[in-house]
1. Please list 14-21, 30-37 highest first by mean number of surrounding beta-carbon atoms within 10 Å per residue.
2. Need one number: nm distance between label points at T33 and D2, each 7 Å from Cα along Cα→Cβ, rounded to one decimal.
3. Could you work out the per residue convex hull volume over the alpha carbons of the chain, in cubic angstrom?
4. Rounded to the nearest 20 debye, what is the charge dipole size of the chain about its Cα centre when +1 sits on each Lys and Arg Cβ and -1 on each Asp and Glu Cβ?
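Please treat every number below as a calculation from the coordinates, not as lab data. Being a predicted model, the structure only gives us computed values, none of them experimental. Methodologically, a virtual Cβ is constructed for each residue, glycine included, from the backbone with ideal geometry; neighbour enumeration extends over all protein chains shown.
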Amino acid sequence: MDWISTITFDQLAYSILMLGLIREGMVFALPDTIAGPGGWLIDTQPED
């Protein structure tokens with residue numbers, strides 16, 4: 001439980017930022033059947 005106290009706010013913010021950038025990179029780089037409208041990994045189509 002002591003390792004949790006070593007995580008700083010900067011590390012947490014950086015991790016969230018990197019996750020967002022990785023997701024956007026995947027949407028940009030992968031074909032639409034995987035990451036796009038109706039994609040099976042990342043579905044960017046809005047919910048009805």
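1. On the way: 14-21: 10.2, 30-37: 13.0.
Going by the mean number of other Cβ atoms within 10 Å, highest first, we get 30-37, 14-21.
2. Those two pseudo-labels are separated by 5.2 nm.
3. Details: hull volume 5.6 nm³, N = 48.
In the chain, the Cα hull volume divided by residue count equals 117 Å³.
4. Working: 1 positive and 7 negative charges, 34 e Å.
So the dipole magnitude of the chain works out to roughly 160 debye.
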